[in-house]
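To start, the structure under review is shown below, and the notes come after it.
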Amino acid sequence: MKELLNIKNLYVQYNTDEAVVHAVNGVDLIVHRGEAMGLVGETGAGKTTTALGILNILPEQVGEITEGDIVYDGKNVLNMSKKELQAMRGKQVSMIFQDPMTSLNPIITVGNQIDEMLLLHFKELTKEQRAQKVDDILKLVGIPAERKHEYPFQFSGGMKQRIGIAIALVCQPDLLIADEPTTALDVTIQAQILQLMKQLKRELGTALIMITHDLGIVAELCDNVSVMYAGEIVETGTVEDIYQRIENHPYTTGLFNCIPKLDSNEKRLTPIAGYMVDPTDLPKGCKFHDRCPYVTDRCGRENPKAYQNGTHKIKCFRYESWGEGDSI
Amino acid sequence: MVKYILKRLLLLIPTFFLLTLMVYTILSLSPANPAFMRLGTTATQEQIDEINHELGLDRPLLVRYGTYMWNLITKGDMGVSWVMQTSVYKEFMERLPNTLLLTALALLLTTVVGIVAGVFAAVNQNSIGDRTTMILAMLLISLPNFFLSLICQIVFCLQLRWLPVTGAGSLKHFILPSIMLAASRIAGQVRLTRSSMLDVIGQDYVRTAYAKGCSKRRVVFYHALRNGLMPVITNIGNNVGNIVAGAVTVETIFAIPGVGSMLVNAVRSNDIPQVMSPIIFISLLVCVVNLVVDLLYAVIDPRVKLQYR
């Protein structure tokens, strides 16, 4: 498969009045054409920040990419002109946002919001052709086309997220970033949305970055997984590599242990001890060492490199015997 | 929508009557006595009673109010000035154009300058332009209207001789007064527009617009502006009331023969019929403007429009 997106050694920080928040700290990520990559981690791990970085839409004056490159289809996003960026956003890389309640403009009809994508990126289409495409995409996401003249507040949460998906897909992008697309929805709607995304991935061959904290969603939808903690990818591999649960980063193991098991008779969940590290004051060495059950002296001094075994890479000294691999 | 407009228009009628009744009642509680004004303090009780009877002041309050409103609505008659014995209606109509021109100019200035500067400041948040705008707005809000007016009269009229000092002879006479009347209102409008736009610019759907590939200009004018203007439009309604009230001061300072200065003079001389008509005009204007604002709201926001079906 051809390489589509290559993030190299990305550092992002948010400069607030009180402190500097180190949101992303040296992320390497490669996504190939047609590949579905799951980006997993708890809240505040830097998943969304990484995604916003890909589109170069970090909050102005606050978000800052201090180091690294984001190469999309051979071109560095960080060096693109405004025109090039605008042409890329939506057309080649599009994004589904986390909260469907707030990510649609409340006073523009949903039809016009979908149509805007075509207006921006397919200027050669006539009004009728665009209207036809809007109808088609609405049908694809399961919303009757005649409702395109309605406003977002007239739709339910699940339907709004479908509209968000329709907006993201109407230009048939090569890469779709889905930022926790089901978090704000209830479970029955979640299943529908996932089903829909699976179908779309199959039919349109779009590469996908699925941002989530739900390991179940990843297993269902993705080819590869990267686990993020405190702005770093601590483990990456194929779904098989990681879900076999034989060799995992201690953090990933912790995430798996958090999933309640229906077949065993446990009374309590097994959470990961301690709290997420403070991104304004990151610890030295491995960021996870405070919470890690396998911690050694070395973990507090030195940040482990990525050790590689085939497609599976883990940033933990326990796997040093695998030998050093490419950075993650 | 049409039904809603009709409903609102109908509601104006009781509002208007209640309002005028309150004003009328309050004014009739004042110790002003027209008989004393005409005859002096040496008048006998018979003379006083005679004049009171002639003016209908010996009748009950509600009857007087009813007569006043009946005459006002059917004949446009606003009574006779106690002091000058002239028709209030005639004087009111002579002065009305000046006030309308002054307030209209001030409102236009407030709205246009306020919104343009507010949007500019918000879009260029924390830039030098933004900071300058905010400091200027702060200054304008802090300076009392009359003080600023006097300073400007000295500088622009007496020193530089660009504009006439007082009077209402030509459009040129209205330039400085309308700017002075608008000044502090502009400042408020700028600050409100800026904060409202900043709020909208931080919304998720603005980020969505950027992610779609919109240019900054398209994001600001197509996605953010209409959302950001909603609280601003409400403020325009409030501004109208404020500006008309402010016209009272400005008309006095610049010696413009308008409804505002008529009100001040009438209050000073306890001339109740002369006081009534400007108050009725101002309150009616505020009622109508607020109705227009509410309707504008529905035009801009589809959520409001659907409620009004």
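Read the figures in this text as sums done on the coordinates, not as results from a lab. This one's a predicted model, so the numbers in the text were calculated from it and none came from an experiment. Glycine also receives a Cβ, built like all others from the backbone with ideal geometry; neighbour counts cover every protein chain displayed.
Some points to look at:
- Whole-percent pair-distance distribution, where bins are 5 Å wide, for the alpha carbons of segment A:40-179: 2, 10, 18, 20, 19, 14, 10, 5, 2, 0
- The Cα-based radius of gyration of segment B:58-131, divided by its Kirkwood radius, gives an Rg/Rh of 1.38.
- Among A:185, B:114, A:216 - extreme Cα towards positive end, dipole of the protein assembly as shown, charges at beta-carbon: B:114
- Order of B:288, A:227, B:259, B:123 under a 10 Å beta carbon neighbour criterion, fewest first: B:288, B:123, A:227, B:259
- Equivalent ellipsoid, segment B:83-122 (semi-axes from 5 times Cα gyration tensor eigenvalues, Å): 38, 7, 5
- Whichever aspartates and glutamates have a C-alpha closer than 16 Å to that of residue A:201, once near sequence neighbours (fewer than 8 apart) are set aside: A:35, A:174, A:179, A:220, A:223
- Charge dipole of segment B:99-307 about the Cα centre (unit charges at C-beta), most positive-ward option of B:149, B:126, B:188: B:126
- Overall shape of the protein assembly as shown was characterised from the C-alpha gyration tensor. The equivalent ellipsoid obtained from it has semi-axes of 69, 27, 23 Å, in decreasing order.
- Rounded to the nearest 10 degrees, the inclination of helix B:61-75 to the longest alpha-carbon principal axis of chain B is 70 degrees.
- Inter-site label distance for residue B:303 and residue B:165 at 7 Å from Cα along Cβ, in nm: 5.5
- Here the 3J(HN,Hα) profile of segment A:235-245, calculated from phi with Karplus coefficients 6.51, -1.76 and 1.60 at θ = phi - 60°, is 7, 8, x, 6, 4, 5, 3, 8, 7, 5, 6 Hz, Gly and Pro shown as x.
- This ranking places B:82, A:322, B:70 by how few other beta-carbon atoms lie within 10 Å of each, fewest first, which gives B:70, A:322, B:82.
- Sequence of B:226, A:89, B:131 once ranked by neighbouring C-beta atoms within 10 Å, starting from the fewest: B:131, B:226, A:89
- Average projection area in nm² (convex hull over Cα atoms of chain A, one quarter of hull surface): 18.4
- For segment B:159-174, putting each phi into the Karplus relation 6.51 cos²θ - 1.76 cosθ + 1.60 with θ = phi - 60° gives couplings of 7, 7, 6, 7, 10, x, 6, 9, x, 9, x, 9, 4, 4, 4, 8 Hz, in residue order, rounded to whole numbers and with x for Gly and Pro.
- Cβ charges +1 (Lys, Arg) and -1 (Asp, Glu), total dipole of the protein assembly as shown, debye: 1440
- With 29 Å as the limit, the listed pairs A:123/B:305; B:7/B:75; A:83/A:313 have A:123/B:305; A:83/A:313 beyond it between alpha carbons.
- Partner lysines for residue A:315 [C-alpha distance under 21 Å; skip if fewer than 8 residues away on the same chain]: A:8, A:47, A:284, A:287, A:305
- C-alpha center-to-center spacing [segment A:105-171, segment B:51-127] in angstrom: 50
- Working from the Cα coordinates of chain B, the gyration tensor eigenvalues give, after taking √(5λ), semi-axes of 45, 27, 13 Å in decreasing order.
- Inter-site label distance for residue B:128 and residue A:309 at 7 Å from Cα along Cβ, in nm: 6.1
- Per-pair calculated FRET efficiency, R0 = 56 Å: residue B:75 and residue A:146 via Cβ, rounded to 0.05: 0.50
- Neighbour net charge for residue A:212 - beta-carbon separation under 9 angstrom, K R +1, D E -1: -2
- Across B:242, B:290, B:126, mean-square fluctuation computed from a Gaussian network of chain B (C-alpha pairs under 10 Å connected) peaks at B:126.
- Based on Cα contacts under 8 Å between residues 6+ apart, chain A shows a relative contact order of 20 percent.
- A cut-off under 15 angstrom between Cβ atoms defines the neighbours of residue A:234, and their net charge, with Lys, Arg +1 and Asp, Glu -1, is -3.
- Look at where the Cα atoms of segment B:282-309 and of segment B:222-250 average out, and the two centres are 13 Å apart.
- Enclosed volume per residue, in Å³, of the convex hull spanned by Cα atoms of segment B:2-75: 98
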